[in-house]
1. State yes or no: is Leu84 outside any strand (DSSP E or B) and farther than 20 Å from Thr336 by Cα?
2. If Gln369 passes every condition in (1) closer than 25 Å to Arg57 by Cβ; (2) at pLDDT 95 or above but one, which one does it miss?
3. Please go through segment 184-216 and give me each residue that is more than 19 Å from Glu158 (Cβ to Cβ), surrounded by fewer than 19 Cβ atoms within 10 Å (Cβ to Cβ) and free of Cβ contacts under 8 Å to residues at least 60 places away in the same chain, ordered by number.
4. Among residues belonging to segment 231-259 that are over 15 Å from the mean Cα position of the chain (by Cα) and acidic (Asp, Glu), point out the one that is surrounded by the fewest Cβ atoms within 10 Å (Cβ to Cβ).
5. Any idea which residue in segment 141-157 is nearest to Asp190 (Cα to Cα), counting only those that are surrounded by 20 or more Cβ atoms within 10 Å (Cβ to Cβ) and either outside the structural domain of Ala191 (by TED's automatic domain parsing) or of a type in the set (Gly, Ala, Ser) (or both)?
6. Only residues that are closer than 15 Å to Ser393 by Cα and in a loop (DSSP other than H, G, I, E, B): list them for segment 409-432, please.
7. Collect the residues in segment 115-147 that are aliphatic (A, V, I, L, M) and either part of a helix (DSSP H, G or I) or within 26 Å of the chain's Cα centre (by Cα) (or both), keeping them in residue-number order.
Amino acid sequence: MSDPMRKHFWLLGLLLPLAGHAAGIPEPVLPAGVGVNIHFVTGHERDLDLIRTAGFRFIRMDFGWEGIEKQKGHYDWSAYDKLLSNLEQRGMRPVFILDYSHHLYEEAVTNENPVTHLTHRTTASPQHPDSVAAFASWAVASAKHYHGRHIIWEIWNEPNISFWNPKPDVQQYTTLALATCRAIRAAEPDATIVGPASSTFPWDFLESFLKSGVLEYLDAVSVHPYREPRRPPEIAAADYQRLRELIERYAPVAKKDKIPILSGEWGYSTWTRGVSLETQAAFAARQQLSNLLNGVPLSIWCDWKNDGDDPKENEHNFGTVLPDLNPKPAYRAIQTLTRELSGYRITRRRAPDDQKDYLLVCTDAKGAQKLVAWTLGEPHQVAVTVNGAQTLSAVDSAGQALMLKLDGNRAALDLTSAPQYIPLGTGTVEEP
């Protein structure tokens, strides 16, 4: 790599995480933006205790319209009141997804499951004036009910695939999102609103949505950067850059460079055709780190808990814990990440000799530094010059202590796919 390219690469790692963030969006300081998807409302206090112990600070959960509006214009938030109280007691915040449709306002339609190709009857997504208005009214009532409770409101879930019925329609979704944003902003100007929570990066869908004027109202753009098991988290960088360019193209002048991207849902399954338990653990930590490196301040891992016991079922195996709450290696990896880097932000990526190597310098508010290191390639050793450190130790992804070889000011790091955390104190890492 040429010297100018090295300098650009170094600055990218330094500057992106420091971009401005709207109120309600966490700062890029670990573990403020570390989150996980759940699938429960009441009960499950033990789950919440374990989620908190792992270091997660956000949960993401469906905020179902039909379950709250039992009769037209009458809302029952009692179950979510309990969930929010349980979260607040544990120092956690919610991303509540304003979804889905309601049989009182839309008709039944037939939809086809894109995976099984089986058809089923469901309720059409809001696509007529009355149902759009009713959805927006419910969203406003909810935002007012939870005024000042630091909720991130997300409009729908993956509207570009089968969660929009009877089939995806960007204009229908955009109409709903605009109506909902405008109504919430009028009633609760300080509410935090994000969307569209798209499945992957559907570029035509995203551009149509972003150019609609919705960026005037959104605090962040949320996407779900899922990819195949052999494609690691780091390769999302190019997609984030392309999306950022789209956002800047259509953002109002006053909001240029002020609308962050959120990773609203993303995980890797340990089913028989997915990733190994060890790879899932490495990816869980690396997803958080690589997202922060790319200026993404909130990353929601999918999923908290395995949804079943069948190793041949993809959807059963995204969790960080088993159905009985016994931890998978991914749980330990997140717990180690949030413990070792608590209070730290990524300040730069050391220019690597090999682009597959990641050596991130992290700094806390007092100026203390830690080095986080891993590789996308085969395990190998790299030499790093550390000035001002007398001794060096490390912690691996499972939280086990490692001793490092220090020859003068040269440290030998054995890089693997799992991050390791090296306290530097007042020491500094030289560029190669």
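1. On the way: outside any strand (DSSP E or B): yes; farther than 20 Å from Thr336 by Cα: yes.
Taking the combined requirement at face value, the residue satisfies it.
2. Every listed condition holds for Gln369 apart from (2).
3. Arg185, Ala186, Ala187, Pro189, Lys211, Gly213, Glu216
4. Result: Glu245.
5. Ala143
6. Here is the first cut: in segment 409-432, the residues closer than 15 Å to Ser393 by Cα are 409-415, 419-429.
Within segment 409-432, Asn409, Pro419, Thr426, Gly427 qualify.
7. If the condition is that a residue be aliphatic (A, V, I, L, M) and either part of a helix (DSSP H, G or I) or within 26 Å of the chain's Cα centre (by Cα) (or both), then Val115, Val132, Ala133, Ala134, Ala136, Ala139, Val140, Ala141, Ala143 are the ones that fit.
Each row is one residue, and each column tells you yes or no for (1) modelled with pLDDT of 95 or more; (2) closer than 30 Å to His316 by Cα.
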{"site": "Ser2", "(1), (2)": "no, no"}
{"site": "Pro17", "(1), (2)": "no, no"}
{"site": "Gly20", "(1), (2)": "no, no"}
{"site": "Val29", "(1), (2)": "yes, no"}
{"site": "Leu50", "(1), (2)": "yes, yes"}
{"site": "Trp65", "(1), (2)": "yes, yes"}
{"site": "Lys72", "(1), (2)": "yes, no"}
{"site": "Asp76", "(1), (2)": "yes, no"}
{"site": "Lys82", "(1), (2)": "yes, yes"}
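The values are calculated or read from the model by the stated rules, or taken from the named source; none is laboratory data. Keep in mind the model is a prediction, meaning the values are calculated, not measured. Reconstructed Cβ throughout: ideal geometry from the backbone, glycine too, with neighbour counts over all protein chains shown.
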